[in-house]
Each structure stands twice: as structure tokens, then as C-alpha cells.
Amino acid sequence: MGAGHHHQLYLPGGSVVHRLPPQCKLLAVFAFAIVVVATPRERFWAFAAYAVLLGVVALAAKVPLTYVLRRMVIEVPFVLFAFLIPVIGLGERTTVLGLSLSVPGLWAAWNILAKATLGVIASILLAATTEPRVILIGAQRLRLPSLLVQIAMFMLRYLDVIMDEMRRMRVARESRGFEARNFRQVPVIARSAGALFIRSYERGERVHLAMLSRGYSGQMPIIRDISASVQEWGAALALPVAALAVLGLSL
């Protein structure tokens, strides 16, 4: 589904990481995240080792550093929150660059920044080497709840359709001289949002009826079944296994 769509997070390539089955990469990223979260915040060198491991994966996948850095903008809210913690935190205080900061708050900020950054980088590498529709096929292979996977599939398939509908409605408003310059235009925007919801709901009803007429019984047919060999599982799980070894050395 959605094979013809262009996804900005995906970076086409033929690397060994790109060729790994999606279920292997999904499980590897999930296990890696668990290891990172379980690492004590005082083990600075362990977090540096995790970053090196992700760097090796990025090199193997041929994902440029600039590509990763551009997409790490999504982490900005976490960074802002982390910077606020030492300022508003309680407990022992210390002075840093003339500012009185909470020592427990500094530890908490470091803990959030380090673990969130590593998790975001791992997710970016997963998205850069695996198409979204293929990730959902991998989720099916991992026996994730079928209903959740189907919802994600339809969201992925029809997101561009809804965005195109929004653009057409905006063009229609502007062609009639509408400009959203102040709060007096809020009712117009609200009516447009309501109309978009109704159109989306009606489209969903039509799609559902079309699916039922074609024999849909609650399970999506698997057109492309992706299996994984022992070697592929071993290659994918090398990342969390190496991270687990680092965690073992740090304890």
C-alpha cells in the first residue's frame, strides 16, 4: 500500500542495512533502546560507545552525517525541556557559568538528552533504510496487533490524500479573497476543518464498503511475505548484542 508515495525520511540505497528484513531491524532498534534506557546515567563512556555503534551502522548503511543531523530537529522539544530541569529543579545547587543550577536537575537533564538522542538517531537510521510500508509489513511479521497495523497502513496510505484535500480547500479559500490575518478568520478555518473531517469520514466509509465487497474479513491480505534467515537475524541483532555487552562492562 502506498508504494507510489515519496517519503522524505527514507533514503534509497542498496546497503547491507537496507537489505535486512524489516522485522529484524524493528526488533534490533527496540532491543537497543531497552539497553540504552537501562544504562545508569553515570556511565558516560557507555553512552559514547553506543554512539560509536550507531556511527558504525550509519557507515554500513551509507547514511550521511548531515542527513541524520537535519532530521534530529525533532528532538528540539526534549532539549528545551532538559535545559529547563536544572533551572527549576530542587535539591543541592551548583554554579555553572554564573547560573545557580540544581545538581539532581543536571543529572536528569543529561539522562534525558543522552538517552533521547541515541533513541532518535536509531529511529532515524531505521526510517532512512526502510520504507514505511515495509516497516508495517515487518510489524505484521512480529505479530503486532493486527488492528493497530491496519490503522497505521491506512494512515500511511491516505495521509497524502488528506493533505491534498487540505491544499485544495486552502486554494479555494484564497481564490475567493480569504486571508487568515487575525482571530476573526478562526470561524472560517473551523468550518473548513469540519468539512475536511466529514469528507475524510465519508471517504473512509466508501473505502470500507469497497473492501467488504472484495472479501475483506478483518485481516489484510499479505501480498509480499518477507522472511528472514538466521544470518540476517544475526546481522540485525549485532547492534543490541554489542550494546548489551557494553552495558555488562559498565555495571
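The values are calculated or read from the model by the stated rules, or taken from the named source; none is laboratory data. Because the structure is predicted, anything quoted here is derived from the model rather than measured. Heads up, the Cβs are rebuilt from the backbone with ideal geometry, glycines too, and the neighbour counts pull from every protein chain shown. Side chains are part of the model used for accessible areas, which takes the heavy atoms of the whole protein and leaves out ligands, DNA and RNA. Shrake-Rupley method; radii C 1.70, N 1.55, O 1.52, S 1.80 Å.
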Out of THR129, THR39, THR95, a Gaussian network model of the chain with alpha-carbon springs under 10 Å gives the largest mean-square fluctuation to THR95
Expressed as a whole percentage, what fraction of the accessible surface of the chain belongs to carbon and sulfur atoms when a 1.4 Å probe is rolled over the protein heavy atoms?
69 percent
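Averaging over all projection directions, find the projected area of the Cα convex hull of the chain and quote it in nm² with one decimal place.
Mean projected area of the Cα convex hull: 19.7 nm².
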Interchain or sequence-distant (5+) residues whose placed amide H lies within less than 5 Å of the amide H of LEU101 are THR94, THR95, VAL96
Using a 1.4 Å probe, what is the accessible area per residue for region 99-230, in Å²?
65 Å²
With N denoting the number of residues in region 94-238, provide Rg(C-alpha) divided by 2.2 N^0.38 Å, to two decimal places.
1.62
Of ALA82, GLY119, VAL171, which is farthest on the positive side of the dipole of the chain, counting Cα position, with +1 on Lys and Arg Cβ, -1 on Asp and Glu Cβ, and the Cα centre as origin?
VAL171
Here the gain from full extension of ARG93 to MET220, 0.36 nm per residue of separation minus their alpha-carbon distance, amounts to 40.0 nm
Please find, in a Gaussian network model of the chain (springs between Cα atoms separated by less than 10 Å), the residue of SER213, SER146, SER200 whose mean-square fluctuation is greatest.
SER213
Given the rule -39500 (n - 2.57) for each run of at least 4 DSSP H residues, summed and divided by the residues of the chain, what is its mean residue ellipticity at 222 nm, to the nearest 500 deg cm²/dmol?
-23500 deg cm²/dmol
Whole-number D in µm²/s for region 150-233 (Stokes-Einstein; Kirkwood sum over Cα pairs; 37 °C, 0.692 mPa s):
201 µm²/s
Go through ALA49, GLY194, MET72 and say which Cα lies farthest out towards the positive end of the charge dipole of the chain; charges sit on Cβ, +1 for Lys and Arg, -1 for Asp and Glu.
GLY194
Semi-axes of region 26-164 from the Cα gyration tensor (sqrt of 5 times each eigenvalue, largest first, whole Å) come to 34, 18, 15
